[in-house]
Amino acid sequence: MKKLITSLFIGSILLVCSCKKESSQFSLENNTIKIDETLKINQIQVLGTHNSYAKPVDEKVFTLMNPIFKKLMGQYNANMTDEQKAKMKEYHPNEMPLNEMLNYNHPDFKTQLDAGLRSLELDIYYDPTGNRFNKPATYEILKQQGITNLAPFDTVGLSKPGFKLLHMADIDFRTHYPTFKGGLKALKKWSNNNPTHAPIFIMIEAKDSGFPIFPNSAKVLPFTEQAFDEMDALVKNTLGRDKLITPDDVRGGYATLEEAVLAKNWPLLKESKGKFIFLLLPSGGGLASKSDYVKNHPVLENRVMFVQSEIGQKHAAFLLLDNAIVRQTEIQEAVKKGYLVRTRSDIETYEAKTNDMTRANAAFTSGAQVISTDFFRPGNNYNTDYWVKIPNGKPMRTNPINTKN
């Protein structure tokens, strides 16, 4: 009898343990991913695209622009300080002509998200009056030269006031979504149809400069505090506050956002299904150090987006460290401390051209939570085997640096 009671007791303990083990996991992505329920959103790793909205540039624009762009870059580099040159070299390590820098082709958001990407990058321009980007200067010049068989571009919404979504005014302007609002609507539609998706990291670059090299070049406006306020309002009104993870959600009761980040106060992944996290490059393509986005919001209170920052700043949460080869140790240390990091697996198509996975491997081993590629599927314009995917073949994986597997 004693043995029987003991056996029953042990059996009940095993049953309880078994139940606890079972309940310590949850599923997302329609039950295709099972992970620990204590996992937070800074303890995962996702893959995304760079310039995610872009359609290919017309080759005739490249023919026109390649020599001009080369001259412009030479002048730009000549006027930079040694510090700026070093930073530029880190972010853009390989000198390539414009047509090779942009030698990729992305489908629409639905196709990318269906393929498992959980990060997208959007470049937006402030256009409070409308009609700012209707007639790209390069197309007007080519038309004057008698060239009419130009690749079409979508002008729907360009005449109306509102943020526009394109890469380079007058040059790389062909886009799946001419307006930022249109892109947000596409994201919301996909999310509503896939409510258990892992959180999607949306990187926003606030474009504040153009290429005033032609008589009719677009006049690009700076991003003022008012522009940023309008941008935040558009995101909240289009997606809905319930679909956003904001700096306030992370900061909680801490005095600064950085204090919350160092305390690992990120939301649980199980509470973040179907949501978006916006990461802002306020200007200068990641090279600027100050922004009106933070001006009257020192810890990003009431803001929608986490902003590119440096360790030690009160609003520090998101770091842009694109060169995972150079910054491998720095990224790993930042991720361990609690910061969110974006890095790149390929830069300006060089890795696809040379079929080199070195940077991609470095990106994954760095532990950066967001990795950006221009080649998320087989097949590229260089006819090499280069393409990038999450090592586990799923839309996300547990982070190799700050998560015990």
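The values are calculated or read from the model by the stated rules, or taken from the named source; none is laboratory data. Quick caveat: nothing in here was measured; it's all calculated off a predicted structure. Quick reminder, even Gly has a Cβ in these numbers, built from the backbone with ideal geometry, and neighbours come from all protein chains shown. These accessible areas exclude ligands, DNA and RNA; they are computed on the full protein's heavy atoms, side chains included. Shrake-Rupley method; radii C 1.70, N 1.55, O 1.52, S 1.80 Å.
Please work out if Ile347 is open to solvent by less than 50 Å² (accessible area, probe 1.4 Å), touching a Pro at 6+ places or on another chain (Cβ under 8 Å) and either acidic (Asp, Glu) or under 22 Å from Phe201 (Cα atoms) (or both). When the stated conditions are applied, Ile347 passes them.
Residues of the range 60-117 that are among the basic types (Lys, Arg) and out of contact with any Lys or Arg (no Cβ under 9 Å at 6 or more places or on another chain): Lys60, Lys70, Lys71, Lys85, Lys87, Lys89.
Name the residues in the range 71-116 that are among the basic types (Lys, Arg), at pLDDT below 95 and under 23 Å from His50 (Cα atoms), would you?
Result: Lys85, Lys87, Lys89.
Scan the range 210-228 for residues that are open to solvent by less than 70 Å² (accessible area, probe 1.4 Å) and either among the hydrophobic types (A, V, I, L, M, F, W, C) or without any contact (Cβ under 8 Å) to a residue 60 or more places away in the chain (or both) and the total you get is 10.
Go over the candidates Trp190, Trp266 one by one and state the one that is part of a helix (DSSP H, G or I) and of a type in the set (Phe, Trp, Tyr).
Only one candidate passes the filter, namely Trp190.
Among the residues in the range 109-129, are any under 20 Å from Phe69 (Cβ atoms) and either part of a loop (DSSP other than H, G, I, E, B) or open to solvent by less than 10 Å² (accessible area, probe 1.4 Å) (or both)? For the range 109-129, residues under 20 Å from Phe69 (Cβ atoms) and either part of a loop (DSSP other than H, G, I, E, B) or open to solvent by less than 10 Å² (accessible area, probe 1.4 Å) (or both): present. If you go through the range 165-217 and pick out every residue that is closer than 29 Å to Gln45 by Cα, touching an Asp or Glu at 6+ places or on another chain (Cβ under 8 Å) and basic (Lys, Arg), you end up with 1. Identify the residue in the range 245-263 that is among the β-branched types (Val, Ile, Thr) and within 15 Å of Lys337 (Cα to Cα) and, among all such residues, is surrounded by the fewest Cβ atoms within 10 Å (Cβ to Cβ). The residue in question is Val250. The residues of the range 294-336 that are under 30 Å from Met357 (Cα atoms), surrounded by 14 or more Cβ atoms within 10 Å (Cβ to Cβ) and among the basic types (Lys, Arg) amount to a single one, Arg327.
Limited to the range 148-173, what total is found for residues that are in a loop (DSSP other than H, G, I, E, B), of a type in the set (D, E, K, R) and buried (at least 20 other Cβ atoms within 10 Å of the Cβ)?
1
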